[in-house]
Amino acid sequence: MAFDFNVAEAFSLKGRIALVTGAASGMGEQFAHTLAGAGATVICASRRKDRIEKVAADIVAAGGQAVAIELDVGDSDSVKRVFEHAQREVGLVDVLVNCAGQLDFMPFTDIGDEAWNNLINVNFTGMMRMCREFARRLIEAGKPGSIVNITSTTGMQVMQYVSCYGSVKAATNQLTRQIAAELLDKNIRCNAIAPGYFMTEMSEGFLATDAGKAVADSLPTRRVGNVRELSGALLLLASEASSFINGVVLPVDAGQVIQLK
Ligand SMILES: NC(=O)c1ccc[n+]([C@@H]2O[C@H](COP(=O)([O-])OP(=O)(O)OC[C@H]3O[C@@H](n4cnc5c(N)ncnc54)[C@H](OP(=O)(O)O)[C@@H]3O)[C@@H](O)[C@H]2O)c1
């Protein structure tokens, strides 16, 4: 038997072009740095131009390759434009990290139709739009690729006041498996990371409350995660190190979802 697994080569993203949605902050910003550190040229995408330009500039200053392109995943035309722009300026995108997301924390009985539909449009349909445009272009070019969707353990457990967010995140887990199954023969893999609680702009308000502190204290680690702790899972699923992994939803939560209640 030949023991020829080259660790550096398997995890390398040299020559790959990676698009990260939600790259303006939190996990997406971390992912942009991680992918660039592994050798990818990174397209940092989200709505806040100043923030994504800063992230791209930081990556370039650290010796990596990155550009910023504005994107609203809630708008089909914007999704098409970001891929067109990327292909024209950088090349064919062959790694997609869907990290854009919003949270609507409120009692179920208070939610209006507009807020409900907006969350579905951004967190669920937005992810589908990105995967669809990514896959169409790769299929047309006859090239392989990998998708990493950022879902949530909220889609695996029931939590208070996130009825829409939690339901949508459960749907993104299923969307990941559906897309993986349809793209099997195209050599495009689709996996997901389901983070537990991490300190970001999205969660910091809640985590500062007594209820939030109690949640952090109830976790197996007695602390929430640092976004750096998602990098290993991201690199695995984005790179050829996971060439035999497809349609998987990987919780990165220090064991939160298997905790006995
Ligand atoms: N923090 C946690 O504990 C946690 C746990 C599980 C899962 N998650 C998921 O992780 C992902 C990243 O969240 P985060 O915690 O890193 O929070 P965050 O810092 O608030 O990041 C969310 C990002 O999504 C972008 N975004 C929002 N709406 C968008 C749109 N319509 N089009 C394009 N980009 C959009 C935002 O940038 P712009 O405002 O510039 O568009 C922002 O950079 C989300 O999908 C979230 O649901 C978070």
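Figures for the structure shown
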{"item": "Residue satisfying condition, being over 15 Å from residue 239 (Cβ atoms) and either within 16 Å of the ligand (Cβ to nearest atom) or touching a strand residue (DSSP E or B) at 6+ places or on another chain (Cβ under 9 Å) (or both), within set 36, 24, 40, 18", "result": "24"}
{"item": "Segment 84-122 - residue that is more than 26 Å from residue 237 (Cβ to Cβ) and of a type in the set (Gly, Ala, Ser) and, of those, farthest from the ligand (Cβ to nearest atom)", "result": "112"}
{"item": "Condition met for residue 180 (modelled with pLDDT of 95 or more, hydrophobic (A, V, I, L, M, F, W, C) and part of a helix (DSSP H, G or I))", "result": "yes"}
{"item": "Candidates 129, 81, 137, filtered to the one that is assigned to a helix (DSSP H, G or I), surrounded by 15 or more Cβ atoms within 10 Å (Cβ to Cβ) and within 12 Å of the ligand (Cβ to nearest atom)", "result": "129"}
{"item": "Identity of the residue in segment 46-64, surrounded by fewer than 17 Cβ atoms within 10 Å (Cβ to Cβ), of a type outside the set (Asp, Glu) and more than 9 Å from the ligand (Cβ to nearest atom), that ends up farthest from residue 26 (Cα to Cα)", "result": "63"}
{"item": "Selection status of residue 254, part of a helix (DSSP H, G or I) and touching a residue at least 24 places away in the same chain (Cβ under 8 Å)", "result": "no"}
{"item": "Number of positions in segment 31-65 that are under 23 Å from residue 193 (Cα atoms) and either outside any helix (DSSP H, G or I) or free of Cβ contacts under 8 Å to residues at least 12 places away in the same chain (or both)", "result": "10"}
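The values are calculated or read from the model by the stated rules, or taken from the named source; none is laboratory data. This is a predicted model, so every value here is computed, not measured. Here the Cβ is made from the backbone with ideal geometry for all residues, glycine too, and neighbour counts use every protein chain on show.
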